[in-house]
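The values are calculated or read from the model by the stated rules, or taken from the named source; none is laboratory data. Computed from a predicted structure; not experimentally measured. Here the Cβ is made from the backbone with ideal geometry for all residues, glycine too, and neighbour counts use every protein chain on show. These area figures cover heavy atoms from the full protein model, side chains too; ligands, DNA and RNA do not enter into them. Shrake-Rupley method; radii C 1.70, N 1.55, O 1.52, S 1.80 Å.
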Amino acid sequence: MGGALTRYRTIAWIVGVALVVLVLIGMPLKYFFDSPTVVAVVGTAHGWLYMIYLALTFDLSRRVDWPLKRMLLVMLAGTVPFVSFYAERRVSHWLTDADRPRTPEPVAG
């Protein structure tokens, strides 16, 4: 599971950065300055990277046996700027917490 988590975390950051660049830099350049080059390049790259993100998210979700709803929500995180960063942190937290051994709580009294 460690390799799948690392692959997911890496692609989540890459897709997140590409989407932020597309929305915050490319779109204003295209619509305010009539320069569509960044949208053409980064938009295409984001599309291909998002497909890889979907495949790696699916792989991770099957390895850790997520319910369908969780898998779909994490997959959708790559479509909204900044949400993939939040989803990556949540997924990492869920999976690293699951790996930690539980220590019994002391009995009061």
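Points worth noting:
- Test: residue in the stretch 48-65 that is open to solvent by 40 Å² or more (accessible area, probe 1.4 Å), in contact with a Pro (Cβ under 9 Å, 6 or more places away or on another chain) and not hydroxyl-bearing (Ser, Thr, Tyr): no
- Here Leu24, Leu19, Leu29 are screened, and the one residue that is open to solvent by less than 80 Å² (accessible area, probe 1.4 Å) and in contact (Cβ under 8 Å) with a residue 24 or more places away in the chain is Leu19.
- Test for Lys69: is it touching a Pro at 6+ places or on another chain (Cβ under 6 Å) and free of Cβ contacts under 8 Å to residues at least 12 places away in the same chain: no
- Residues that are closer than 19 Å to Val91 by Cα number at least 2 in the following helices (runs of 4 or more DSSP H) confined to the stretch 3-77: 37-64, 68-76.
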